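Engineer: One structure is given below, represented as structure tokens, and several questions about it will come after.
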């Protein structure tokens, strides 16, 4: 069954007033992965083309606690700021994506290997027998179909997210970079994402090498 034809049936919607303004909070249980996710909708987006969208993978350490080893929290805040500045857009917060899908406990175990053995974000996962990335972006596509959004400008540095979303029937009109400043705490992580996962991160100097977060 195509995502366009798969109806979300477990959905709850309400207003959500934040420091940035009032969003429409669309909480839903995905019929495939069974996780509960949330879309934050700002302004009028229904039936609009090329809506500014961020698919944000859950990262407790970065999003909530402000961990410096990754740029997740910075990207979350930057995406929300960009959506409000534009006057319309959607942030889809995807749960079950912790550590690129390996979960919180496993992610913290990879941190130990990174800190004690100098492994990067990829090798620390595979050393534990874990996959590098098992995230599914189908839930984001299904909620965008539910919201009546046929095409997006996707805030991401990861070209794989573009192809993943398009494979679920959402047109990606443009990929919008969302670059966090490189610093001593995250440079190893960003470098590994650039060199080994193909992320477009032009803010990093080419002579950087190193490891990463989960």
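The values are calculated or read from the model by the stated rules, or taken from the named source; none is laboratory data. Fair warning: this is a prediction, and the values are worked out from it, not measured in the lab. In this analysis, Cβ positions are derived from the backbone assuming ideal geometry, glycine residues included, and neighbour counts consider all displayed protein chains.
Engineer: Inspect all residues belonging to the range 50-66 and state whether any of them is assigned to a loop (DSSP other than H, G, I, E, B), over 15 Å from the mean Cα position of the chain (by Cα), at positive phi and not assigned by TED's automatic domain parsing to the domain that holds residue 108.
Structural biologist: Yes, some residue in the range 50-66 is assigned to a loop (DSSP other than H, G, I, E, B), over 15 Å from the mean Cα position of the chain (by Cα), at positive phi and not assigned by TED's automatic domain parsing to the domain that holds residue 108.
Engineer: Of all residues in the range 61-82 being farther than 22 Å from residue 194 by Cα and touching a residue at least 12 places away in the same chain (Cβ under 8 Å), which is surrounded by the fewest Cβ atoms within 10 Å (Cβ to Cβ)?
Structural biologist: Across the range 61-82, the extreme among qualifying residues is 81.
Engineer: Being buried (at least 18 other Cβ atoms within 10 Å of the Cβ), on the phi < 0 side of the Ramachandran plot and assigned to a helix (DSSP H, G or I) is the filter here; which residues of the range 91-105 pass it?
Structural biologist: Listed by number, the list holds a single entry, 98.
Engineer: Condition (residue is part of a helix (DSSP H, G or I) and surrounded by 18 or more Cβ atoms within 10 Å (Cβ to Cβ)) applied to the range 9-30: is it met by at least one residue?
Structural biologist: Within the range 9-30 (the criterion being part of a helix (DSSP H, G or I) and surrounded by 18 or more Cβ atoms within 10 Å (Cβ to Cβ)), the answer is no, since none of the residues qualifies.
Engineer: Determine whether residue 190 is in a helix (DSSP H, G or I), in contact (Cβ under 8 Å) with a residue 40 or more places away in the chain and under 17 Å from residue 54 (Cα atoms).
Structural biologist: So residue 190 fails the test.
Every residue, every condition in (1) in contact with a strand residue (DSSP E or B) (Cβ under 8 Å, 6 or more places away or on another chain); (2) over 27 Å from residue 27 (Cβ atoms); (3) outside the structural domain of residue 13 (by TED's automatic domain parsing); (4) surrounded by fewer than 17 Cβ atoms within 10 Å (Cβ to Cβ), yes or no:
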{"position": "117", "(1), (2), (3), (4)": "no, yes, yes, yes"}
{"position": "121", "(1), (2), (3), (4)": "no, yes, yes, no"}
{"position": "127", "(1), (2), (3), (4)": "no, yes, yes, yes"}
{"position": "161", "(1), (2), (3), (4)": "yes, no, no, no"}
{"position": "164", "(1), (2), (3), (4)": "no, no, no, no"}
{"position": "172", "(1), (2), (3), (4)": "yes, no, no, no"}
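Engineer: Residue under question is residue 37, and the condition is that it be over 24 Å from residue 201 (Cα atoms), modelled with pLDDT of 95 or more, outside any helix (DSSP H, G or I) and in contact with a helix residue (DSSP H, G or I) (Cβ under 6 Å, 6 or more places away or on another chain); does it hold?
Structural biologist: So residue 37 fits the description; yes.
Engineer: Give the number of residues within the range 7-25 that are at pLDDT below 95 and more than 22 Å from the chain's Cα centre (by Cα).
Structural biologist: 2
Engineer: Given the options 143, 134, name the one that is at pLDDT 95 or above, under 23 Å from residue 78 (Cα atoms) and either in a loop (DSSP other than H, G, I, E, B) or in the same structural domain as residue 90 (by TED's automatic domain parsing) (or both).
Structural biologist: Exactly one of 143, 134 is at pLDDT 95 or above, under 23 Å from residue 78 (Cα atoms) and either in a loop (DSSP other than H, G, I, E, B) or in the same structural domain as residue 90 (by TED's automatic domain parsing) (or both), namely 143.
Engineer: If you check 88, 47, 39, which single one turns out to be crowded, with 16+ Cβ neighbours inside 10 Å and outside the structural domain of residue 115 (by TED's automatic domain parsing)?
Structural biologist: Only one candidate qualifies: 39.
Engineer: Moving on. Say whether the condition of being over 17 Å from the mean Cα position of the chain (by Cα) and on the phi < 0 side of the Ramachandran plot is met by at least one residue in the range 71-84.
Structural biologist: There is at least one residue in the range 71-84 that is over 17 Å from the mean Cα position of the chain (by Cα) and on the phi < 0 side of the Ramachandran plot.
Engineer: Right, next: Mind checking whether some residue in the range 118-127 is part of a helix (DSSP H, G or I), free of Cβ contacts under 8 Å to residues at least 12 places away in the same chain and farther than 15 Å from residue 35 by Cα?
Structural biologist: Checking the range 118-127: at least one residue is part of a helix (DSSP H, G or I), free of Cβ contacts under 8 Å to residues at least 12 places away in the same chain and farther than 15 Å from residue 35 by Cα.
Engineer: Sort out which residues of the range 192-214 are buried (at least 20 other Cβ atoms within 10 Å of the Cβ) and either farther than 20 Å from residue 78 by Cα or modelled with pLDDT under 90 (or both), and write them in order of number.
Structural biologist: Passing the criteria: 192, 211, 212, 213, 214.
Engineer: Here's a follow-up. Could you list, in sequence order, all residues of the range 40-49 that are assigned to a strand (DSSP E or B) and over 14 Å from residue 145 (Cβ atoms)?
Structural biologist: Listed by number, the residues that qualify are 40, 42.
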